[in-house]
Amino acid sequence: MAFDVFINDSLDGCQSSACQVPGVDEKIKGLMFADDIVVLAASKGQLQKSLTVLSKWAARNEMTFGIKKCGAMVCNGDVQSLHTGNKVLLGNEEIPIVDKYTYLGVSVYPDLTLKRIVEDRTKKVMNALGGLRPFLMASRVPVHIRLLILRACLVPVATFGGELLGFDQALVKPIQKVIDRSLRLVIGIKEQSNTMCPMAVIYRECNVAPIFAVMSAMRLRAKIKFPSLRTWISLLHQQRPVKKRKNSKTWIYKTQNYMASNGKEVAILPAKFQKGAMLKHLWVRGEKRKQVTRTVAWTKYQAWRGSVDYLSFHVRDPEVIRGMMQVALLRTGALWTGIRAAYAKLIPAKFKNECPCCKKKTYESLRHMLIHCRSWKKERAKMLNTIKKAFAKSKIANPLEGKGERHSVILLLGGEVDGCTLSPFWDKGFTPSTVDDVKIAKLKRTPLCVYVARFLARIKSAHASALWMNYHNKPVESQSHQGTAAMSTQDRGPDGGFD
């Protein structure tokens, strides 16, 4: 309110030097937001004329300008024109001539190119990631806490200015790559690994939407909101392209054109639902690309994509925290197994058909690790007995009983097969019918994924030791810093690795 009272009339005398906008009758004198003012003029002389008006206004109102924060810049014109002739003055002080100016957090360049804005935004996201990297890699911090910090501190930096950059997937790809690196750190994959599993799987597992989808939803919201504003943007929205060739690069034309060709099913919805619908539409459309749908990890992930709430479960037990990361690695197909390391030529080729843990003549698959491997017999029995006890105390039929081994693997990792699933008990726990017995009530409230996580946490160190003791050159310190390996369906064995 204070800014409205004191500076709202500061540009009233600048109408004679205002700029003409094609397709709009009214000339634009400048832009105002809080205590920031942008003065627009067609030439250096017209600019100085407007600045003289501002100087008189400031003197009349006993106010001064922060010259150090000011800058004069030519957009899409002769840059040298500002450097020749008289200096640009505001009051009695010279305004610096700049080739870059940051206005409301967005960097503006003389050529008004969006690519350079993306480059600056990428640097800011990289700086933010640099500060957050130790925390995102902290395996002792629960995954859901690290994801909360990522969504709260990194994604807003990445999507700032999304109203300007949305609807152009290639343009925002550099920003997306930084977010991809941060998500890999959270679930324990090497930061720059591109072949462990498709990012589409990690987006769903972590419930973090692609940056392109988020920015596009922001741009659509702006398109809906702008016409109702009492600002210059509403006048621009009323503009209609006279010639397609001259207007094809404008924000309004590109937004309308994109919606006409890619958002017809979203545009028919009520305005208040369009933003969410656009985000969902572009997220799903990205998952239907051939480079995603043809991967083994994505095909396998469809079995358990409906149970991602387990990462939101509040955990204090350090063992369960470690185990939850192992669950995520198994579900996304990013866990190192004997057959994967063998095909990556990190361990001898014999482990393509031999388990490195129990030495049985069969490759190490999810089924073998969770159901058969003799090395984990004790830990596995404890997990299965605890799950069986939880169902018995709750007087609910155990879906694991009478099911085949392949079905059991999918169910233990929160999946659904042939209409059978452990959810919602797997990721949300049971609702106790009585609290007379404290131990029973606590057991029934615990999600089944916790027992699976404990099992994986208890075998993690022994499994890593048995696997990487066969490393060809030197010991591998941790799974997060190993090499990568992409495998086909044949490499993982029948049924994409479940067998």
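The values are calculated or read from the model by the stated rules, or taken from the named source; none is laboratory data. Quantities reported herein were computed from a predicted structural model and do not represent experimental measurements. When we count neighbours, we look across all protein chains shown, and the Cβ atoms used for this are built from the backbone with ideal geometry, even at glycine. Surface accessibility is based on the protein's heavy atoms, side chains included, excluding ligands, DNA and RNA. Shrake-Rupley method; radii C 1.70, N 1.55, O 1.52, S 1.80 Å.
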State whether segment 1-114 is rounded, prolate or oblate according to the following rule on the C-alpha gyration tensor (a ≥ b ≥ c being the square roots of its eigenvalues): a/c under 1.5 gives rounded; otherwise a/b larger than b/c gives prolate, and the remaining case gives oblate. rounded
With a 1.4 Å probe and all protein chains kept in place, how do Lys249, Lys352 rank by accessible area, largest first? Lys249, Lys352
Among Lys123/Lys223; Lys177/Lys360; Lys190/Lys352; Lys29/Lys264, which pairs are too far apart, with a Cα-Cα distance over 30 Å? Lys177/Lys360; Lys29/Lys264
Inter-label distance for Phe65 and Glu26, nm, one decimal - labels placed 7 Å from Cα along Cα-to-Cβ: 2.3 nm
Which entries of Lys173/Lys280; Lys300/Lys345; Lys173/Lys288; Lys115/Lys254; Lys225/Lys288; Lys44/Lys87 show an alpha-carbon separation above 20 angstrom in the structure shown? Lys300/Lys345; Lys225/Lys288
Candidate residues Asp35, Asp317: accessible-area rank, largest first, probe 1.4 Å: Asp35, Asp317
Where the centre of each part is set by its Cα atoms, how far does segment 85-120 sit from segment 251-288, in angstrom? 33 Å
Considering only C-alpha atoms, what is the centroid distance from segment 139-179 to segment 353-409, in Å? 37 Å
Protection proxy ranking, peptides 220-226, 15-21, average beta carbon neighbours within 10 Å, highest first: 220-226, 15-21
Using a 1.4 angstrom probe with every protein chain in place, what is the largest-first accessible-area order of His407, His372, His83, His237? His83, His372, His407, His237
Label-to-label distance, nm, for residues given as Lys249 and Ser43 (7 Å Cα→Cβ offset): 2.4 nm
Compute the length gained on full extension between Ala260 and Arg230: take 0.36 nm times their separation in residues and subtract their Cα-Cα distance, giving the result in nm to one decimal. 8.2 nm
With a 1.4 Å probe and all protein chains left in place, how much of the accessible area of the chain comes from carbon and sulfur atoms, in whole percent? 54 percent
Rounded to whole Hz, the Karplus (6.51, -1.76, 1.60) HN-Hα couplings of segment 70-78, x for glycine and proline: 8, x, 10, 8, 9, 10, 6, x, 7
Using protein chains only and a probe of 1.4 angstrom, how many square angstrom of Val143 are accessible, to the nearest 10? 10 Å²
Excluding ligands and nucleic acids, what accessible area in Å² is computed for Ile211 using a 1.4 Å probe, to the nearest 10? 0 Å²
Shape call for segment 253-358, from the Cα gyration tensor axes a ≥ b ≥ c (a/c under 1.5 means rounded, otherwise prolate when a/b beats b/c, else oblate), comes out oblate
Could you tally the net charge around Gly306, taking each other residue with its Cβ under 13 Å from the Cβ of Gly306, Lys/Arg +1 and Asp/Glu -1? 0
Under a 1.4 Å probe, counting only protein heavy atoms, Arg116 has an accessible area in Å², nearest 10, of 90 Å²
In the chain, what % of DSSP beta bridges are antiparallel (nearest 5)? 90 percent
Compute the Cα gyration tensor for segment 332-371, then decide on rounded, prolate or oblate, letting a ≥ b ≥ c be the square roots of its eigenvalues: rounded whenever a/c is under 1.5, prolate when a/b is larger than b/c in the other cases, and oblate in all that remain. oblate
Rounded to the nearest Å, the spacing of the alpha-carbon centers of segment 15-52 and segment 196-223 is 38 Å
What whole-number value in Å² describes the accessible area per residue of the chain for a 1.4 Å probe? 53 Å²
